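A short worksheet on the structure shown next.
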Amino acid sequence: MNYSIMRQKFTVPQKFFCHFYALAVIWTTFLLLATWLYAYNMALLVSQPLHFSSITSYLMGGSHSFWLHGSPSMKIEQRYRCWVSIFLLLLMEAQVLRRLYETIYVFKYSPSARMHIFGYFTGLFFYTAAPLSLCCNYMSEVFLFASNLIQELIVKGKDRMQFGEYSWWGFVSPLLKLKWHAWLGAAIFLWGSVHQHRCHAILGLVRDNLEQIEDYIIPYGDWFKYVSSPHYLAEIVIYGGLLVAGGCSDITLWLLFGFVVANLVFAAAETHRWYLRKFDNYPRERFAIIPSFY
């Protein structure tokens, strides 16, 4: 009994999953806006004329009117990669917003459902690190840019700051110049997102039924036809889409994808074994997470 009480002390309610996605929405939104504003001012894909006085003023810590001309030292490939990071952050924003919605309105967590405190802090860490990994190559410049902007706002005030003319088309048009792999990755991402939402809806209905019956029931439909944890499979597809959209050349994205795959394959294997122990009539054609393989 004492052991059971001790274990209970190191757990939190499963409904705290919403903390992961609330944090992720706030953090991803900040990174997206900061990186987008930085790229618009410092990483234009179309070169513009520069003025020596503006460059000197910027390097000496003066007026930031130079921002609107872009950085003279940033190569076109670096600028392109910066806009790819914005594209990846947009996809991540869509992902975490959907997950937050599903956690609040689709899933029905039982009051007795708990998760280990270690898993809780791991989730908080992951949803802090994952969005950051999508734009980490530019974070030092982005944070410097944002801090300078905030300092100038505090010192001069909004009315006295020098702003150029901003164009909404200027914010969007560089994204239309991304290469084919960005759009292929977005299509894979969307495919995984649609199926994950469907599988989460099925699991939500199963949890609704648990309030009316005494025992757990086997979920059916969508990718449940093939695997026991199709929502995990969809998560792998989603992060695979991010990897493809990034061009499969960034080691940070490979590490993020590898972590997601390793974590979800292990969790899916445990879930599959539980299903097999729980139900004598469990569909034997289902695999744990990868159809026809594992």
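Bear in mind that the values in this text are calculations on the coordinates, not laboratory data. Treat the numbers as computed from the prediction; the structure is a model and nothing was measured. Cβ placement follows ideal geometry from the backbone for every residue including glycine, while neighbour counts extend to all protein chains displayed.
Here the simple spin-label model places points 7 Å from the Cα toward Cβ, and for residue 255 and residue 150 these points are separated by 2.5 nm. If the segment from residue 269 to residue 181 were pulled out straight at 0.36 nm per residue, it would be longer than the present Cα-Cα gap by 28.5 nm.
Highest average first, the peptides 252-258, 118-124 ordered by how many other beta carbon atoms sit within 10 Å of their residues are 252-258, 118-124. Around the amide H of residue 43, modelled in the peptide plane, lie the amide H atoms of 71, all under 5 Å away and 5 or more residues distant in sequence or on another chain. Extension gain for residue 217 to residue 113 (0.36 nm times residue separation, less C-alpha to C-alpha distance): 35.8 nm. Under the simplified labelling scheme, the residue 94-residue 122 pair shows an inter-label distance of 2.9 nm, with each label point 7 Å from Cα along Cα→Cβ.
Among 172-179, 267-274, the peptide with the highest mean count of other Cβ atoms within 10 Å heads the list, and the full ranking is 267-274, 172-179.
If R0 is 22 Å, what FRET efficiency do you get for residue 205 and residue 132 from their C-beta distance, rounded to 0.05? Working from the Cβ atoms, E equals 0.05. Label separation (residue 194 vs residue 262): 3.3 nm, computed from points 7 Å beyond Cα along the C-beta direction. Evaluating 6.51 cos²θ - 1.76 cosθ + 1.60 at θ = phi - 60° for every residue in the stretch 249-254, the Karplus couplings come out as 10, 9, 4, 5, 5, 5 Hz, glycine and proline recorded as x.
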